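Chemist: Please read through the structure below; I'll follow up with questions.
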Amino acid sequence: MALIETPRALVTGGNGNLGQAVARRLASAGYEVHVTVRDEATRASLADGLMKEGLSVHVGDLSNDADVRRIFDEVGRPLAALVATVGGFHGGPFAEVEESTIDFQYRLNLKSAILTLRHAHAGLAANPGGAAAVLVANRPALSSGPGVAVTTAMKAAIVSLVKSVAEEWKSEGITVNAIAPGIMDTPENRRAMPEADPSLWPTPTQVAHAIGFLLTAEGALITGATIPVFGRS
């Protein structure tokens, strides 16, 4: 009888609130889970958390092609699932946005996703029975809003990216989707918005469960979509 190989997953941004929630969700579902962090200091800070839970932690700048290539070499093939959670937010009047902020938001939110998805292809295509990739957009990328134009432009590009790559890869059995969370219930967001009602916000664990569905056999019916995950906000 052939042995059933443990499915392998890579979660980028493994030190973030959503990245950690997704990593734990996939580990509990039986995946061999790999996560990425930006630097060795962050990796060391996870020593009593994710690493003790048996997850493999890889270090690299995901806006650097050589780092991304190396990380995928370290993770190995085949790859059943990719969840790219690396990203960040910038708010403020559009007319005051500096060039350095534009460049940083591009590298963090869009270039990192493009490089990660591109280098994931070989591993995803090698997975028996198909594979899945999930990227992260945001709520304004599906609508609009003041003071968030630069980040939203990058996240709207993610929405377009998944549509195009999903069409290109569907014949290989690879689904490509995105989720678009609203404000999530995190300690940072509670501190930043003390007057808001966090019970209306989705938690990272709830968002991770939505992502988890897109990685299942049932979720394989969906590709090229961006799923809104707003909670009751």
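Chemist: Can you tell me which lysines have their Cα less than 18 Å from the Cα of LYS111? Leave out same-chain residues fewer than eight positions away.
Modeler: Within the straight-line limit of under 18 Å, LYS111 reaches these lysines: LYS155, LYS163.
Chemist: What is the angle, in °, between the Cα long axis of helix 149-169 and the longest principal axis of the Cα atoms in the chain? Nearest 10 is fine, range 0 to 90.
Modeler: Helix 149-169 sits at roughly 30 degrees to that axis.
Chemist: From the phi of every residue in region 117-125, what ³J(HN,Hα) in whole Hz does the Karplus formula 6.51 cos²θ - 1.76 cosθ + 1.60 yield, where θ is phi - 60° and glycine or proline is x?
Modeler: For region 117-125, the Karplus-derived couplings read 5, 4, 6, 6, 4, 4, x, 5, 5 Hz, x marking Gly and Pro.
Chemist: Could you please state how large a percent of the accessible area of region 40-176 is carbon and sulfur, counting protein chains only and using a 1.4 Å probe?
Modeler: Answer for region 40-176 is 52 percent, counting heavy atoms of protein chains only.
Chemist: May I ask you to evaluate 6.51 cos²θ - 1.76 cosθ + 1.60, the Karplus curve with θ = phi - 60°, for each residue of region 139-146 and list the ³J(HN,Hα) values in order in whole Hz, giving x for glycine and proline?
Modeler: 4, x, 5, 9, 9, 5, x, x
Chemist: In terms of modelled amide H atoms, which long-range or inter-chain residues lie less than 5 Å from the amide H of ALA225?
Modeler: So ALA225 has HN proximity to ALA178.
Chemist: Also: Roughly what would the spin-label model give for GLU99 and ALA66, points 7 Å off Cα along C-beta, in nm?
Modeler: 2.5 nm
Chemist: Right, something else. Kindly rank 112-118, 187-193, 77-83 from highest to lowest mean number of other beta carbons found within 10 Å of each residue. Write down the numbers at each step before the final one.
Modeler: Details: 112-118: 21.7, 187-193: 10.7, 77-83: 23.3.
Going from most to least packed, we get 77-83, 112-118, 187-193.
Chemist: Report, to the nearest 10°, how far helix 65-75 tilts away from the longest principal axis of the Cα atoms in the chain, using its own Cα long axis and a range of 0 to 90°.
Modeler: 40 degrees
Chemist: Still on this model: Quick one: accessible area per residue over the chain, 1.4 Å probe, rounded to a whole number of Å²?
Modeler: Per residue, the chain has 49 Å² of solvent-accessible surface.
Chemist: If you don't mind, another one. Give a residue-ordered list of calculated ³J(HN,Hα) values for region 211-217 (Karplus: 6.51 cos²θ - 1.76 cosθ + 1.60, θ = phi - 60°; whole Hz; x for Gly, Pro).
Modeler: 4, x, 4, 5, 8, 8, 4
Chemist: For the chain, what are the per-bin percents of Cα-Cα distances with bins 10 Å wide, up to the bin holding the maximum?
Modeler: Result returned by the calculation: 8, 33, 39, 17, 3, 0, 0.
Chemist: Still on this structure, I have one more. Name the long-range amide H neighbours of ARG8: under 5 Å, sequence gap of 5 or more, or other chain; modelled H, no Pro or chain starts.
Modeler: Residues meeting the amide H criterion: GLU32, ALA80, ALA81.
Chemist: What percent does the relative contact order of the chain come to when contacts are Cα pairs within less than 8 Å and at least six residues apart?
Modeler: Working: 437 pairs, mean separation 44.9, N = 233.
Reported relative contact order: 19 percent.
The values are calculated or read from the model by the stated rules, or taken from the named source; none is laboratory data. Being a predicted model, the structure only gives us computed values, none of them experimental. Quick reminder, even Gly has a Cβ in these numbers, built from the backbone with ideal geometry, and neighbours come from all protein chains shown. Just so you know, the surface numbers come from the protein's heavy atoms only, side chains and all, with ligands and any DNA or RNA stripped out. Shrake-Rupley method; radii C 1.70, N 1.55, O 1.52, S 1.80 Å.
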